[in-house]
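The values are calculated or read from the model by the stated rules, or taken from the named source; none is laboratory data. None of the values given here were measured: they were computed from a predicted structure. Methodologically, a virtual Cβ is constructed for each residue, glycine included, from the backbone with ideal geometry; neighbour enumeration extends over all protein chains shown. With ligands, DNA and RNA removed, areas are computed over all heavy atoms of the protein, side chains included. Shrake-Rupley method; radii C 1.70, N 1.55, O 1.52, S 1.80 Å.
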Amino acid sequence: MIRVGIGYDSHRFTEGRPLVLGGVRIPQSHGLAGHSDADAVAHALTDAILGAAGAGDIGRLFPDTDPRWRDADSMDLLARAHDTVRARGYACLQADLTIIAEQPKLAAHVDGMADNLARRLGLGPGRVSVKAKTNEGMGFIGRGEGLAVIAVATVEAR
Ligand code: MG
């Protein structure tokens, strides 16, 4: 059986933190606020694979009230979540993500993110797709207050 999960995440830009998306550190004056490293790409994909397996969500697995996850490497959280998915008898097959951000331009970084995500899930190259687009200047994203990510993943019963 194939199951599909969806994940969404958004974070606010803030000064004084590095911008890390999909495990790629992007040169930029502002990073993202959050309890962990605020890698919204990793967070959205984590929720997608957990949702596909009916295994809850990232906040339930890694609560932001737990000091263990302060400044956590979210790519590690993704790999841990996949362990949880596997323990339920599923494995991720593929995933597709869209980042919505007005700034910075991300086209040069999306392939590196996709490779990182695939590797952390134990998937071959090409199994994870990452795309980036703007919000045409509208809303909180258009004003540059933050960015958002949507992820879809499929898992297969093993
Ligand atoms: Mg998040």
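Here are some notes:
- Within the range 1-95, strands (runs of 3 or more DSSP E) holding 2 or more residues that are within 16 Å of the ligand (Cβ to nearest atom): 2-15, 19-21, 30-32
- Pairing residues of the range 35-56 that are at positive phi with residues that are more than 8 Å from the ligand (Cβ to nearest atom) and assigned to a helix (DSSP H, G or I), at Cβ distances under 7 Å and at least 6 apart in sequence or on separate chains, gives GLY56/LEU50.
- GLU102 falls short on exactly one of the conditions (1) within 16 Å of the ligand (Cβ to nearest atom); (2) surrounded by 15 or more Cβ atoms within 10 Å (Cβ to Cβ), and that condition is (1).
- For the range 116-153, the tally of residues that are polar (S, T, N, Q), under 21 Å from GLY34 (Cβ atoms) and surrounded by fewer than 17 Cβ atoms within 10 Å (Cβ to Cβ) stands at 1.
- Filter pass, ALA55 being open to solvent by 50 Å² or more (accessible area, probe 1.4 Å), modelled with pLDDT of 95 or more and either of a type in the set (A, V, I, L, M, F, W, C) or over 16 Å from the mean Cα position of the chain (by Cα) (or both): no
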